[in-house]
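Here the structure comes first, spelled out in C-alpha cells, and everything after it is commentary.
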Amino acid sequence: MKKTIYVLAGILIFLVACKKVTNSESSYLNSETPLLGETAADYSIRGKEKHLPFQLTQNSTFSNEKIELGRVLFYDKKLSVNQAISCASCHKQELAFSDGVKASRGFGNEATPRNSMAIVNSDFGRGLFWDLREFDVKSMVTKPVQNHIEMGFDSITQTLDRLQKSSYYPALFERAFGTKTITVENLSEALGGFVSNLISFKSPYDFAADNNFASYTSEEIRGWEIFNEKRCIGCHGFDLNQGWSTEVANIGLDLVYKDKGSKNPFKGGILEPPFDPRFSSGEGFFKVPTLRNIALTAPYMHDGRFNTLEEVVEHYNSGIKDHPDLDWALREEISADFSKVKAKKMNLSAYDKKALIAFLKTLTDQNFIHDKKFSNPFVAKAN
Ligand code: HEC
Ligand code: HEC
C-alpha cells in the first residue's frame, strides 16, 4: 500500500516537475524524483560464458532493492554537498561509466588530478583507483577517499540530512533496509551494491571466445594474435577485470613521472609477495585497467594523455621510455644489471596496428551501456 502511494506520488511529482529537454536525437523528460517500477529491477546475472574462469552469480550480499537504491543515489545530484554534481557526472553510462575528458570537474568546478576511470567489473579487481588505494566499494562514501572527494563528502551529515528530508529516499531506504533512517552505513552499502553490480561480460569478444573465434573477422583475429604475442594479455587478462597476476605496473610513459602513482606498490599487502626488490624507485606504478569497453573510455591513461587508441598503440609500439622500473614484459631483454633498461620496440606494421585496434573494439559491450537498470532513473524518454 505504502509502495503504491509512493509510486503514485512519484508520478504526480514527475508530471508536475518535468521539463522537456531536447537533444539532437530525441527528447527527454527530466524528473525531480526517480522513475522506478513498483518492484525493484532484477539485477541477478544468469548464464555462464564458457571462457570465464568462474560462474557469475548475483552478488548475494546485495538485494535488488539495495542495488536499485544505489542506482538512484549514483545519479542524484543531492549527493554532492552543493547539489551540483552526481557520481554520474564523471561516470557516464554511454561511456562505460567513464568521463570523456582528461580531467573531470568536481562540485566546486575544480579539476580532478587524474582521469576518471571506467566503472566496469571493478569489484573483480584487486583494488580501486589508479593507485589501488582502496579495496572495498562500500567504503567509497564513508572514508574520505583522497582525490575522490569531488562531491564534498567531508560534510556527510549535511548530505544525510538532505536525503532524509527528500520526498523519495525514506521510502526507498525502507524498501531496501527496512528502516527509513538514512545512515552512512546503509548509504554506502546501497551505493557499493550498485557500483559492484556494474558488470560487463557480453561483448563480441565474449561471444567469440565461446565459439572458437569463428565470429571474428580476419583482422580481429590478427589483432587477438598480436594481443597475445606482444604480451598485452599478460597484464590485461580477460577474466572480468585486469590481469591474472599484475595489479600495478610501470609501462614507461615517462622517464620521470609527474604523478608518482601508487605510493608503495610493494608494501602494505597490495601486491602479494614475492615482489621484485630490484625495482628501484617504485615510481610510475599505476593500476592495470580493464580493457573492457576501451573504445568508449578515451582519453587514456591515468592522466588522460592519449586521445585515441591509435596513440596508445603507438606508445606500446615505439614510445616506451627506458624508465628504471619499466615492467619486464615491456623490456627488450632482462640484462644482468636490472637498472640497465632497454625498452621494447614492437615494430608493428600499419596493418597490425589497425588489427590490434579492431580487436580492442570487440570488447565493447552494447548490452552494458544500454541496460536500463544501470541508466539514469531521473530521465524518461518522451517519445
Ligand atoms: C568529479 C568527478 C568524479 C565524481 C563526481 C565521482 N568520481 Fe569516481 N572517479 C573519478 C576519478 C578522477 C577517478 C580516478 C581517481 C584516482 O585514481 O585517483 C574515479 C574512480 C572511481 C572508481 C574506481 C574504479 C576502479 O575500477 O578502480 C570508482 C568505483 C568510482 N570512481 C565510483 C564513484 C562513485 C560511486 C561516485 C559517487 C559517489 C563517484 N565515483 C563520483 C571521478 C569522479
Ligand atoms: C606490464 C603490464 C602491461 C602490458 C604488457 C601492457 N599494458 Fe596496457 N596498461 C598497463 C597499465 C599499468 C596501464 C595504465 C598506465 C597508466 O595510466 O600509467 C595500461 C593502459 C593501457 C590502455 C589505456 C587504458 C585506459 O583505461 O586508459 C590501453 C588501451 C592498453 N594499456 C592497451 C595495451 C595493449 C594493446 C598492450 C600490448 C601491446 C598492453 N596494453 C600491454 C599495463 C600493461
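The values are calculated or read from the model by the stated rules, or taken from the named source; none is laboratory data. Remember, predicted model here, so these are calculated numbers, not experimental data. Here Cβ is always computed from backbone atoms with ideal geometry, including for glycine, and neighbour counts include all displayed protein chains. Remember, those area values only see protein heavy atoms, side chains included, never the ligands or the DNA or RNA. Shrake-Rupley method; radii C 1.70, N 1.55, O 1.52, S 1.80 Å.
Laid out as a table, the results:
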{"quantity": "Among residues of the range 301-323, those that are near ligand 2 (Cβ under 10 Å from one of its atoms) and in contact (Cβ under 8 Å) with a residue 12 or more places away in the chain, counted", "calculated": "12"}
{"quantity": "Residues being modelled with pLDDT of 95 or more and within 19 Å of Leu330 (Cα to Cα) - total across the range 277-315", "calculated": "11"}
{"quantity": "Residue in the range 207-219 that is within 16 Å of ligand 2 (Cβ to nearest atom) and open to solvent by 20 Å² or more (accessible area, probe 1.4 Å) present", "calculated": "yes"}
{"quantity": "Filter result for the condition that a residue is within 28 Å of Ser200 (Cα to Cα) and within 10 Å of ligand 2 (Cβ to nearest atom), over Ala380, Ala358, Ala298", "calculated": "Ala298"}
{"quantity": "Residue satisfying all of: in the range 221-240; within 16 Å of ligand 1 (Cβ to nearest atom) and outside any helix (DSSP H, G or I); modelled with the lowest pLDDT among these", "calculated": "Leu240"}
{"quantity": "Check on Leu326, farther than 17 Å from Asn250 by Cβ, open to solvent by less than 70 Å² (accessible area, probe 1.4 Å) and assigned to a loop (DSSP other than H, G, I, E, B)", "calculated": "no"}
{"quantity": "Evaluation of Leu291 against (1) in contact with a His (Cβ under 6 Å, 6 or more places away or on another chain); (2) not in a loop (DSSP other than H, G, I, E, B) (one fails), failing number", "calculated": "(2)"}
{"quantity": "Pairs, first under 18 Å from Ile67 (Cα atoms) in the range 160-175, second open to solvent by 60 Å² or more (accessible area, probe 1.4 Å), C-beta under 6 Å, six or more apart", "calculated": "Pro170/Lys180; Phe173/Lys180; Glu174/Lys180; Arg175/Glu65"}
{"quantity": "Hey, Leu296 over 13 Å from Ile251 (Cβ atoms) and aliphatic (A, V, I, L, M) or not", "calculated": "yes"}
{"quantity": "Subset of the range 287-315 (residues that are more than 15 Å from the chain's Cα centre (by Cα) and either of a type in the set (Lys, Arg) or open to solvent by less than 40 Å² (accessible area, probe 1.4 Å) (or both))", "calculated": "Arg305, Phe306, Leu309, Val312, Val313, His315"}
{"quantity": "Hey, Leu198 within 15 Å of ligand 1 (Cβ to nearest atom) and either in a loop (DSSP other than H, G, I, E, B) or modelled with pLDDT under 90 (or both) or not", "calculated": "yes"}
{"quantity": "Residues located in the range 346-355, provided they are within 12 Å of ligand 2 (Cβ to nearest atom) and of a type in the set (A, V, I, L, M, F, W, C)", "calculated": "Met346, Leu348, Ala355"}
